[in-house]
Amino acid sequence: MEKSKSPEESRKLLDKITFDLTRSIVKRDELTNFWYFFLIMFAAVGLWGWFIQIRDGLGVTGMRDYVSWGMYIANFVFFVAVSLIGFLLSSALHLLKINWAKPISRVAEQVAIAAVALAGIIIVMDMGRPDRLLNVFIHGRFASPILWDVTVVTTYLTISILLFYIPLIPDLALLRDKGTDDIPKWKMKVYTLLALGWKGSAEQYKLVYHAMRILMLLILPVGLSIHTVTSWLFAATLRSGWDTTILGPYFVAGAFVAGAAAVVIVMYAYRQRYNLKDYFEDLHFDYMGKLLVFVCLVYLYFNINEFLVPAYKMKTAEGIHLRNLFTGNFSVMFWLAQTFGLILPILLMLCKYFRKPLPLTIISVFVLIASWVKRYIIVIPTLEHPFLPVQNVPDHFKHYSPTSIEVMITLFSFMAALLIITVLAKMFPVITIWEYAEDKGIEKEIISEPKN
Amino acid sequence: MKTLGSIGAAGVVGGSSFLSSCSKVQTTSGDKIRLLTSSGELVEVDKEQLKPADMPSLTENQKRGRKGLPGRSWVMVIDLSKCRNARECMKGCQNHHQLRPEQHHINVLQMQDAEHTAPYYMPKPCQHCDNPPCTKVCPVNATFKREDGIVLIDNERCIGCRFCIAACPYSARVFNWFEPRDAEKYEGVTYNIEANVPQKKGTISKCLFSADRLRDGKLPTCVSSCPNGVYWFGDRNENAVTNGTTKETTSFSKLIKENAAYTLMEELGTKPRVYYLPPKDRAFPFQGEIEDHHS
Amino acid sequence: MIKKINLIFVAILFIAQQGMGQEWLVPEDQKTLKNPTEYNLSNVKKGKDLYLTNCKSCHGDAGKNNGLPLVPPPPDVTSDIMQANTEGELFYKITNGRGGMPQFGSTISEDDRWRLVNYIRNYNPANEPVLVEAPPQKAKLLASVNETEKKVEVFAEVEGNDGKFLVLANASVSISAKKAFGNLPIGEVLTNAEGRAEYAIPKDLIGDEQGLVNVVVSLGEGFVTDPVILDAAKVGQPKQVPKLIKKEVLWSTNENVQTWLLLSYLGAVGGAWLAIAYVVFQIFKIWRVGKQQE
């Protein structure tokens, strides 16, 4: 925290900060319209795909009786993974009093909310009978990992929304009180409503800190659970490639990689589009780069465990699975994902140059794509090689390849996630103003004083 | 008059149990009713011929289907030395359970355990495990184990998550990826949980040991359709199994002891209810061609 | 572990073709093989026993043309098709099988296979039959259960030439127990000179839950009589019905859910949602404090 400033200086600075951070809310140009049009159009195409799938049955996908989980489940795992970054950036680092992460925590929460919401939707889209979704609540079996997953996804979503909302309250009041006329009227109304009559009193701040602290503590076990339970959907089966005890931590480590990469990309987009060079500074990218290297190294460690140990033994079924990954049908995907998603990024990001905003963002794009591919080769190869031979079925039962409907629906999930992030960025400041201002030495009284 | 013919024929073959294995379809005219027989045929019968007690409602059907047959503990013994890949079991099964040609409740696999060992045919139904990995993971209890050992499915409950397919190490489960076979024909037919018919789009299916036939005192479809005496089926509690082809009944414990029976992948701890007699002294030579499966 | 084998359909096609179209050719040197066993009553009888266990299920009873309706149909042993074979041909076909006909080379010894040939030859018009099956006689069978001594007592009579029933001595009576799908043979006994027989039920015979057994008593072939069914005879061990679905198992319904699992689940979910509710309450308090300060 910087030294406190004189009231005059403070007011000036606060005005500047507010002006900069409301740019995302105010700005609306051709590009904004095009972006919305683009997202909504592709999302609509995906929904059309889902309609066809409901009408004709899940058979419109490439899944069949042997490979019965395909791109949807891989995509689901990917979104759950990405959502875990909210847990790391806005809770774990906060609790460890690591200050540089503060301005990034709202971005992390945006990403987390979008990802976990979509994860929930994707799993419904994967169901053969989405009309019977309520059966999960009416007839839910406590022993089923799916019930645990449904529970933990809804819990995590709720906590993420609260963790997004509570630090937002003072900001909403600030916008309500100091917002310029550029902000559309209806948005101001929303702010007034959601600000809950915030006065900025010490008592109210105390409540905010208290609630945030509880949420940060709560999200630790819940965040760990969401990804661990997701890994149990696989590890609870007897299949080779999934039947391993390290799948939980392996998934969690991989999730940090995917999430950190996603946050870097979103940060860079905000920095460029909303001109926030002074807020998402080079320093933040440097730290995020270091964080990404660190989680990548942890993930690499788990990868070595996950592949080296069974490969040393080559038990029959495991051997078939590993050969398939290393030299078989999936070897191209496997080695590309490992090289461009893990090994090269680690080597590059160890150099300071590659932790600069643009290079880091480019690396992050590779890492993010690779982590999607990684999910794909976690789900599909195992199912293509069950214990008993696949016989007396048509050839397309033996190998999985996604159909256009699956691509459409997967595209929908990406568009819908980006839409959620965009709407959140267009509605609310992308950095917590009051926290940021406080860090710059502005007193709370000044933040909450009404507009003169 | 065709209608009368089919009643007569069915009466001769199936006797009174024919009617009890039917489920109500819909009233077509004043006194005729359309029925679904256990072999999957639609017939028209006089209404008076039916006793209401023989046709439980859907809820009653589901209730008794979940209970199972009291005191029984069904087991199957498959004699691999007798199988010649005639596939009558597969055909009978697909008709009984209204399956598409690519859907198999029972699948005759061509197996070879190791590089130089002898290949053999292995009919593979659901193993009806006593520690079933599939019922363990079902989120809505749509697949469940009954007291008589059968693992059954309620496709009125299934949400189509396919976790059970992933969990089953025997690849015993099939899914209705599209509208099931003859969906229009069976529209409106009351669901029979013990045969899992009519099948439903977006739900799971698998071998049920023909639980509907067992209720009528008949052997499962595959067991009775086999021309080669491969299958033995019976109640483990009374230590007797009956061969579907020869109708010979023998002691279950003696049969599996004398022939060194084994269960499939017992190392997985699933405790199957299907026992295999090793393919020794084979009745038929192996006719297939072997190709490396995994590479 | 397991390798895949291809060309299933080719195999089926192969079998079908072989079965339906072509004649069953036997190598010349096999056709003329000589039967090393003698054509006598003992060998034919043994052949008959082998026939009953191995062949009857498809070929049916001799002379009744009641074989299984397969394609091609398994011919009756008395039929011309069957009898047109040389002894060598019959032996070759039994040994090697084809299509639906099993190969008995590995399961029946060479001598026994020749004995089967002898049995088939018993029905050849050119041969003097050594095993003559007399026309079935009408018989009466009475049976009762002695529950205290766990015995079945049998009395048999046979219709004489004059229509009067005479005591049936030295006849084989088989005892079996009804099971879910068939009768389980438990023993055989011969009637004595008075036409009576006693059979002690084995101690380990399993009945129903109360130990009740439906005992079926029948006369051997050659006699026309309905088997006597002794319903609910208390001669067996009570059937043990171990409870399959136990409490606290992971694979059963919520009723049998494991306590630790239920408590962990409810504890974790309840704890998390209580905390969430508490946080929501804090939000409410923020609103209330704001209101109070107005």
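The values are calculated or read from the model by the stated rules, or taken from the named source; none is laboratory data. Worth saying up front: this structure is predicted, and the values here are computed from it rather than measured. With ideal geometry, Cβ positions are generated from the backbone for all residues, glycine too; neighbour counts draw on all protein chains shown.
Looking at B:V140, is it touching a residue at least 12 places away in the same chain (Cβ under 8 Å) and in contact with a strand residue (DSSP E or B) (Cβ under 8 Å, 6 or more places away or on another chain)? First the steps, then the outcome.
Working: touching a residue at least 12 places away in the same chain (Cβ under 8 Å): yes; in contact with a strand residue (DSSP E or B) (Cβ under 8 Å, 6 or more places away or on another chain): no.
No, not satisfied.
Run C:R98 past the list (1) touching a residue at least 40 places away in the same chain (Cβ under 8 Å); (2) surrounded by 19 or more Cβ atoms within 10 Å (Cβ to Cβ) and report the number of the one that doesn't hold.
Result: C:R98 fails condition (2) only.
Test A:V407 against the criterion of being of a type outside the set (D, E, K, R) and surrounded by 21 or more Cβ atoms within 10 Å (Cβ to Cβ), and give yes or no. I'd like the intermediate steps shown before the answer.
Working: of a type outside the set (D, E, K, R): yes; surrounded by 21 or more Cβ atoms within 10 Å (Cβ to Cβ): no.
Spelling it out, it is not the case that A:V407 is of a type outside the set (D, E, K, R) and surrounded by 21 or more Cβ atoms within 10 Å (Cβ to Cβ).
Please find, among A:T230, A:T244, A:T237, the residue that is in contact with a helix residue (DSSP H, G or I) (Cβ under 9 Å, 6 or more places away or on another chain), outside any helix (DSSP H, G or I) and crowded, with 20+ Cβ neighbours inside 10 Å.
Numbers: A:T230 fails: outside any helix (DSSP H, G or I); A:T244 fails: crowded, with 20+ Cβ neighbours inside 10 Å.
One residue alone meets the criteria, A:T237.
Name, by its number, the condition in (1) in a loop (DSSP other than H, G, I, E, B); (2) under 24 Å from B:N192 (Cβ atoms) that does not hold for B:H116.
Going through the list (1) in a loop (DSSP other than H, G, I, E, B); (2) under 24 Å from B:N192 (Cβ atoms), B:H116 breaks only (2).
Pull up the range B:87-108, narrow it to residues that are within 11 Å of chain C (Cβ to nearest Cβ) and modelled with pLDDT under 95, then point me to the one that is surrounded by the fewest Cβ atoms within 10 Å (Cβ to Cβ).
Only one residue fits best here, namely B:E88.
Restricting attention to the range C:118-176, which residues are assigned to a loop (DSSP other than H, G, I, E, B), over 27 Å from the mean Cα position of the chain (by Cα) and of a type in the set (K, R)?
Of the range C:118-176, the ones assigned to a loop (DSSP other than H, G, I, E, B) are C:122-136, C:147-150, C:160-164, C:168-171.
Restricting the remaining residues to those that are over 27 Å from the mean Cα position of the chain (by Cα) gives C:122-132, C:134-135, C:147-149, C:160-164, C:168-170.
C:K164 - this is the single residue of the range C:118-176 that is assigned to a loop (DSSP other than H, G, I, E, B), over 27 Å from the mean Cα position of the chain (by Cα) and of a type in the set (K, R).
Could you say which residue among A:L162, A:L193 is surrounded by fewer than 17 Cβ atoms within 10 Å (Cβ to Cβ), away from chain B (no Cβ under 14 Å), part of a helix (DSSP H, G or I) and of a type outside the set (F, W, Y)?
Working: A:L162 fails: surrounded by fewer than 17 Cβ atoms within 10 Å (Cβ to Cβ).
The unique qualifying residue is A:L193.
If you scan the range B:149-158, which residues turn out to be more than 17 Å from B:P125 (Cα to Cα) and away from chain A (no Cβ under 14 Å)?
Here is the first cut: in the range B:149-158, the residues more than 17 Å from B:P125 (Cα to Cα) are B:154-158.
Hits for the range B:149-158: nothing passes.
Residues in the range A:118-143 that are assigned to a helix (DSSP H, G or I) and either touching a helix residue (DSSP H, G or I) at 6+ places or on another chain (Cβ under 6 Å) or free of Cβ contacts under 8 Å to residues at least 60 places away in the same chain (or both): how many? Full working, then the answer.
The first filter runs over the range A:118-143 and keeps only residues assigned to a helix (DSSP H, G or I), leaving A:118-125, A:130-132, A:135-138.
Next cut, either touching a helix residue (DSSP H, G or I) at 6+ places or on another chain (Cβ under 6 Å) or free of Cβ contacts under 8 Å to residues at least 60 places away in the same chain (or both) only: A:118-120, A:122-125, A:130-132, A:135-138.
So the count comes out to 14.
Pick out the one residue from B:K82, B:K145 that is within 8 Å of chain C (Cβ to nearest Cβ), modelled with pLDDT of 95 or more and in contact with a Pro (Cβ under 8 Å, 6 or more places away or on another chain). Quick ask: steps written out before the conclusion?
On the way: B:K82 fails: modelled with pLDDT of 95 or more.
The conditions single out B:K145.
Name the residues in the range A:312-337 that are without any contact (Cβ under 8 Å) to a residue 24 or more places away in the chain, closer than 18 Å to A:L383 by Cα and charged (D, E, K, R), would you?
A:R323
Under 30 Å from A:Y287 (Cα atoms) and hydrophobic (A, V, I, L, M, F, W, C), is that true of A:I73?
Values: under 30 Å from A:Y287 (Cα atoms): no; hydrophobic (A, V, I, L, M, F, W, C): yes.
It is false that A:I73 is under 30 Å from A:Y287 (Cα atoms) and hydrophobic (A, V, I, L, M, F, W, C).
Only one of B:V241, B:V230 is farther than 25 Å from B:E102 by Cα, more than 13 Å from chain A (Cβ to nearest Cβ) and crowded, with 23+ Cβ neighbours inside 10 Å. Can you tell me which? First the steps, then the outcome.
Numbers: B:V230 fails: farther than 25 Å from B:E102 by Cα.
Going through B:V241, B:V230 in turn, just one is farther than 25 Å from B:E102 by Cα, more than 13 Å from chain A (Cβ to nearest Cβ) and crowded, with 23+ Cβ neighbours inside 10 Å: B:V241.
Does the range A:377-401 hold any residues that are surrounded by 19 or more Cβ atoms within 10 Å (Cβ to Cβ) and part of a loop (DSSP other than H, G, I, E, B), and which are they?
Once the filter is applied, which keeps residues that are surrounded by 19 or more Cβ atoms within 10 Å (Cβ to Cβ) and part of a loop (DSSP other than H, G, I, E, B), the range A:377-401 yields A:H385, A:P386, A:F387, A:L388, A:P389, A:V390, A:Q391, A:Y400.
Residues checked against (1) in the same structural domain as C:S174 (by TED's automatic domain parsing); (2) farther than 30 Å from A:R141 by Cα:
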{"residue": "C:D208", "(1), (2)": "yes, yes"}
{"residue": "C:G211", "(1), (2)": "yes, yes"}
{"residue": "C:V216", "(1), (2)": "yes, yes"}
{"residue": "C:S252", "(1), (2)": "no, no"}
{"residue": "C:W260", "(1), (2)": "no, no"}
{"residue": "C:Y265", "(1), (2)": "no, no"}
{"residue": "C:I283", "(1), (2)": "no, yes"}
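Taking B:Y275 and the conditions (1) part of a helix (DSSP H, G or I); (2) more than 11 Å from chain C (Cβ to nearest Cβ); (3) within 22 Å of the chain's Cα centre (by Cα), which numbered condition does it fall short on, given that it satisfies the others?
Result: B:Y275 passes all but (1).
Could you tell me whether the range A:67-89 includes any residue that is more than 25 Å from the chain's Cα centre (by Cα) and either more than 14 Å from A:E406 (Cα to Cα) or surrounded by 15 or more Cβ atoms within 10 Å (Cβ to Cβ) (or both)? It would help to see each step written out before you state the result.
Quick first cut of the range A:67-89, residues more than 25 Å from the chain's Cα centre (by Cα) only: A:67-68.
Next, from what is left, pick out any that are either more than 14 Å from A:E406 (Cα to Cα) or surrounded by 15 or more Cβ atoms within 10 Å (Cβ to Cβ) (or both): A:67-68.
Checking the range A:67-89: at least one residue is more than 25 Å from the chain's Cα centre (by Cα) and either more than 14 Å from A:E406 (Cα to Cα) or surrounded by 15 or more Cβ atoms within 10 Å (Cβ to Cβ) (or both).
Just to be sure I understand the filter: pairs with C-beta atoms under 8 Å, separated by 6 or more residues or on different chains, first member in the range A:31-60 and touching a residue at least 24 places away in the same chain (Cβ under 8 Å) and within 12 Å of A:S413 (Cβ to Cβ), second member of a type in the set (S, T, N, Q) and exposed (fewer than 14 other Cβ atoms within 10 Å of the Cβ). Which pairs pass?
Cβ pairs passing all conditions: A:G49/A:S404.
Using beta carbons and a limit of 8 Å, which pairs, at least six apart or on different chains, have the first residue in the range B:210-233 and not assigned by TED's automatic domain parsing to the domain that holds B:S251 and the second one buried (at least 24 other Cβ atoms within 10 Å of the Cβ)?
none
For the range A:175-190, give me the residue count where each residue is assigned to a helix (DSSP H, G or I), of a type outside the set (K, R) and more than 14 Å from chain C (Cβ to nearest Cβ).
Looking only at the range A:175-190, we keep the residues that are assigned to a helix (DSSP H, G or I), and these are A:175-178, A:185-190.
Those still in the list that are of a type outside the set (K, R) too: A:175, A:177, A:186, A:188, A:190.
When the remaining residues are screened for being more than 14 Å from chain C (Cβ to nearest Cβ), the result is A:175, A:186, A:188, A:190.
Total satisfying the criteria: 4.
Being modelled with pLDDT of 95 or more, in contact with a helix residue (DSSP H, G or I) (Cβ under 8 Å, 6 or more places away or on another chain) and away from every other protein chain (no Cβ under 14 Å) is true for just one of A:F326, A:F334. Which residue is that?
None of the others qualify; the one that does is A:F334.
Just one of (1) more than 14 Å from every other protein chain (Cβ to nearest Cβ); (2) β-branched (V, I, T); (3) not in a helix (DSSP H, G or I) trips up C:V71, so point out which.
(1)
Restricting to the range C:177-195, give me the number of residues that are within 13 Å of chain B (Cβ to nearest Cβ) and in a strand (DSSP E or B).
Step one: of the range C:177-195, the residues within 13 Å of chain B (Cβ to nearest Cβ) are C:177-187.
Imposing the further condition that a residue be in a strand (DSSP E or B) reduces the set to C:177-178, C:183-187.
Here the count works out to 7.
Of all residues in the range C:170-191, which are of a type outside the set (V, I, T) and either touching a residue at least 40 places away in the same chain (Cβ under 8 Å) or surrounded by fewer than 14 Cβ atoms within 10 Å (Cβ to Cβ) (or both)?
Step one: filter the range C:170-191 for residues of a type outside the set (V, I, T), giving C:170-172, C:174, C:176-185, C:187-188, C:190.
Selection gives C:N170, C:A171, C:S172, C:S174, C:S176, C:A177, C:K178, C:E188, C:L190.
Could you list all residues from the range C:178-205 that are over 13 Å from B:T249 (Cβ atoms) and in contact with a Lys or Arg (Cβ under 6 Å, 6 or more places away or on another chain)?
Within the range C:178-205, C:E198, C:A200, C:I201 meet the criteria.
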